[in-house]
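Quick notes on the structure that follows.
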Amino acid sequence: QVQLVESGGGLVQAGGSLRLSCAASGRTFRTYAMGWFRQAPGKEREIVATITWRGSTYYAESMKGRFTISRDNAKNTVYLQMNSLKPEDTAVYYCAADENFGITTREYDYWGQGTQVTVSS
(Lines give C-alpha, C1' and ligand atoms only; values in the text may rest on other atoms or scores of the structure.)
Protein backbone atom coordinates (compact mmCIF):
# COMPACT_ATOMS: atom_id res chain seq x y z
CA GLN A 1 0.00 0.00 0.00
CA VAL A 2 1.26 3.45 -0.95
CA GLN A 3 -0.07 6.76 0.32
CA LEU A 4 0.67 9.95 -1.56
CA VAL A 5 0.47 13.57 -0.39
CA GLU A 6 0.98 16.43 -2.82
CA SER A 7 2.07 19.95 -1.92
CA GLY A 8 3.37 23.09 -3.57
CA GLY A 9 0.38 24.23 -5.56
CA GLY A 10 -0.83 27.80 -5.55
CA LEU A 11 -1.50 30.92 -7.56
CA VAL A 12 1.17 32.18 -9.94
CA GLN A 13 1.29 34.67 -12.79
CA ALA A 14 1.81 33.55 -16.35
CA GLY A 15 5.48 32.98 -17.02
CA GLY A 16 6.15 32.07 -13.43
CA SER A 17 7.30 28.82 -11.83
CA LEU A 18 6.12 26.37 -9.22
CA ARG A 19 7.55 23.16 -7.82
CA LEU A 20 5.18 20.46 -6.75
CA SER A 21 6.18 17.74 -4.33
CA CYS A 22 4.65 14.36 -3.68
CA ALA A 23 5.61 12.56 -0.49
CA ALA A 24 5.04 8.82 -0.53
CA SER A 25 4.78 6.34 2.29
CA GLY A 26 5.93 2.77 2.05
CA ARG A 27 9.23 0.97 1.83
CA THR A 28 8.74 0.07 -1.81
CA PHE A 29 8.64 3.65 -3.14
CA ARG A 30 12.00 3.27 -4.82
CA THR A 31 10.67 0.43 -6.98
CA TYR A 32 7.51 2.24 -8.11
CA ALA A 33 6.89 4.24 -11.24
CA MET A 34 5.58 7.70 -10.37
CA GLY A 35 3.48 10.05 -12.40
CA TRP A 36 1.99 13.52 -12.40
CA PHE A 37 -1.40 14.04 -13.95
CA ARG A 38 -3.71 17.02 -14.07
CA GLN A 39 -7.38 17.73 -14.45
CA ALA A 40 -8.85 21.05 -15.50
CA PRO A 41 -12.52 21.91 -14.90
CA GLY A 42 -14.75 20.09 -17.34
CA LYS A 43 -11.88 18.07 -18.79
CA GLU A 44 -10.58 14.56 -18.37
CA ARG A 45 -7.54 13.83 -16.26
CA GLU A 46 -4.43 13.83 -18.44
CA ILE A 47 -0.82 12.81 -18.21
CA VAL A 48 1.79 15.45 -17.40
CA ALA A 49 4.93 13.40 -16.83
CA THR A 50 6.08 10.08 -15.46
CA ILE A 51 9.31 8.63 -14.14
CA THR A 52 10.41 5.03 -13.75
CA TRP A 53 12.17 3.73 -10.67
CA ARG A 54 15.41 3.96 -12.64
CA GLY A 55 14.79 7.59 -13.50
CA SER A 56 13.66 7.34 -17.12
CA THR A 57 11.09 10.00 -17.92
CA TYR A 58 8.15 10.62 -20.19
CA TYR A 59 6.47 13.97 -20.86
CA ALA A 60 3.27 14.96 -22.54
CA GLU A 61 4.09 16.94 -25.64
CA SER A 62 2.82 20.28 -24.36
CA MET A 63 4.97 20.02 -21.20
CA LYS A 64 8.26 19.21 -22.89
CA GLY A 65 10.87 21.86 -22.23
CA ARG A 66 8.80 23.54 -19.51
CA PHE A 67 8.24 20.83 -16.88
CA THR A 68 10.75 18.53 -15.23
CA ILE A 69 9.90 15.45 -13.21
CA SER A 70 12.44 14.06 -10.76
CA ARG A 71 12.57 11.78 -7.74
CA ASP A 72 14.56 11.44 -4.55
CA ASN A 73 14.26 7.85 -3.40
CA ALA A 74 16.03 8.62 -0.12
CA LYS A 75 13.24 11.06 0.73
CA ASN A 76 10.41 9.04 -0.84
CA THR A 77 9.50 12.12 -2.83
CA VAL A 78 8.81 12.94 -6.46
CA TYR A 79 8.89 16.48 -7.78
CA LEU A 80 7.46 18.40 -10.69
CA GLN A 81 9.27 21.62 -11.56
CA MET A 82 7.01 23.77 -13.70
CA ASN A 83 8.45 26.76 -15.55
CA SER A 84 7.00 29.22 -18.06
CA LEU A 85 3.53 28.53 -16.75
CA LYS A 86 0.53 29.42 -18.88
CA PRO A 87 -3.10 30.04 -17.94
CA GLU A 88 -3.99 26.77 -19.66
CA ASP A 89 -1.84 24.94 -17.12
CA THR A 90 -4.47 25.76 -14.49
CA ALA A 91 -5.71 22.47 -13.06
CA VAL A 92 -5.64 20.16 -10.08
CA TYR A 93 -2.38 18.24 -10.22
CA TYR A 94 -2.32 14.67 -8.97
CA CYS A 95 0.53 12.40 -8.03
CA ALA A 96 0.21 8.71 -8.85
CA ALA A 97 2.19 5.55 -8.22
CA ASP A 98 2.24 2.03 -9.57
CA GLU A 99 4.50 -0.99 -9.63
CA ASN A 100 4.56 -0.79 -13.42
CA PHE A 101 5.33 2.13 -15.67
CA GLY A 102 2.45 3.66 -17.58
CA ILE A 103 1.26 6.87 -19.19
CA THR A 104 -2.49 6.60 -18.72
CA THR A 105 -4.60 7.10 -15.63
CA ARG A 106 -5.93 3.54 -15.64
CA GLU A 107 -2.40 2.18 -15.29
CA TYR A 108 -1.88 3.72 -11.85
CA ASP A 109 -3.29 2.15 -8.71
CA TYR A 110 -2.40 4.79 -6.11
CA TRP A 111 -3.38 8.45 -6.17
CA GLY A 112 -2.94 11.52 -4.04
CA GLN A 113 -5.70 14.02 -3.25
CA GLY A 114 -4.36 16.62 -5.65
CA THR A 115 -3.07 20.16 -5.36
CA GLN A 116 -4.54 23.18 -7.14
CA VAL A 117 -2.39 25.16 -9.53
CA THR A 118 -3.83 28.42 -10.84
CA VAL A 119 -2.03 30.51 -13.43
CA SER A 120 -3.30 34.03 -13.92
CA SER A 121 -2.90 35.94 -17.16
D72 accessible area, assembled protein chains, probe 1.4 Å, Å²: 50 Å²
Segment Q113-E88, length gained on full extension (0.36 nm per residue, minus Cα span): 6.9 nm
Spin-label pair W53/S120, simplified geometry with 7 Å Cα→Cβ offset, distance in nm: 4.4 nm
Accessible surface of K75 - all protein chains present, 1.4 Å probe, nearest 10 Å²: 130 Å²
Principal axis dimensions, the chain - Cα atoms, whole angstrom, descending: 41, 27, 24
By accessible area with a 1.4 Å probe, ligands and nucleic acids excluded, highest first: order of L18, L11: L11, L18
Percent accessible area from carbon and sulfur atoms, the chain, protein chains only, probe 1.4 Å: 45 percent
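Please pull out the direction-averaged projected area of the range 4-72, using the convex hull of its alpha-carbon atoms, in nm² to one decimal place.
Numbers: hull surface 21.9 nm².
Dividing the Cα hull surface by four gives the mean projection, 5.5 nm².
For W111, W36, W53, give the ranking by accessible area with the largest first, probe 1.4 Å. Present the calculation step by step, with values, prior to reporting the outcome.
Details: W111 70, W36 0, W53 125 Å².
Largest to smallest exposure gives the sequence W53, W111, W36.
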Probe 1.4 Å, accessible area per residue of the range 5-121, Å²: 53 Å²
Residue with peak Gaussian network fluctuation, the chain [Cα springs, cutoff 10 Å], from T68, T104, T50: T104
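The values are calculated or read from the model by the stated rules, or taken from the named source; none is laboratory data. Keep in mind it's a predicted model, so treat the numbers as computed, not measured. FYI the Cβ positions are ideal-geometry reconstructions off the backbone, even for glycines, and counts take in every protein chain you see. Ligands, DNA and RNA are stripped out before the accessible areas are found, and what is left, the full protein with its side chains, is counted by its heavy atoms. Shrake-Rupley method; radii C 1.70, N 1.55, O 1.52, S 1.80 Å.
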